[in-house]
1. Using θ = phi - 60° and the Karplus relation 6.51 cos²θ - 1.76 cosθ + 1.60, list the HN-Hα couplings for region 19-35 in order, rounded to whole Hz, with x at every Gly or Pro.
2. Taking all protein chains together and a probe of 1.4 Å, list H67, H17 from the most accessible to the least accessible.
3. Helix-derived [θ] at 222 nm for the chain: sum -39500 (n - 2.57) over DSSP H runs of at least 4, divide by residue count, nearest 500?
4. Would you check the accessible area of E55, probe 1.4 Å, heavy atoms only, in square angstrom rounded to 10?
5. Helix 4-15: angle to the longest alpha-carbon principal axis of the chain, degrees 0 to 90, nearest 10?
6. What accessible area, in Å² to the nearest ten, does a 1.4 Å probe give for L11?
Amino acid sequence: MESPGQRDALLQRALQHAEVSRLARRLAMRTALDAEATPDVRLAAVAAVLRVVDEEPELLFIKRAEHVGD
């Protein structure tokens, strides 16, 4: 497991990649919204995982399994 300092160094290294840096800037410009479930709106659990391997960014989206009644 990495120390906080090692994680910061890995993040800074990833941010040196042009595409990752662009994505970070675009995300920073957005305002977070708190979503609330209503009869017409359902919430979804998703995760986005970003890593840089061999100088190339990889982005993985994970969506929770859907269940009957969702």
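1. Taking θ as phi minus 60°, the curve returns 5, 5, 4, 4, 4, 4, 5, 5, 5, 5, 7, 8, 9, 5, 10, 8, 8 Hz for region 19-35.
2. On the way: H67 120, H17 40 Å².
So the residues, ranked largest to smallest area, are H67, H17.
3. Numbers: 2 runs with 24 residues, N = 70.
The helix contribution divided over the chain gives -10500 deg cm²/dmol.
4. That residue has around 120 Å² of solvent-accessible surface.
5. Helix 4-15 and the main axis of the chain meet at about 90 degrees.
6. It works out to around 90 Å².
The values are calculated or read from the model by the stated rules, or taken from the named source; none is laboratory data. None of these values were measured; they are calculated from a predicted model. Accessible surface areas use protein heavy atoms only, side chains included; no ligands, DNA or RNA. Shrake-Rupley method; radii C 1.70, N 1.55, O 1.52, S 1.80 Å.
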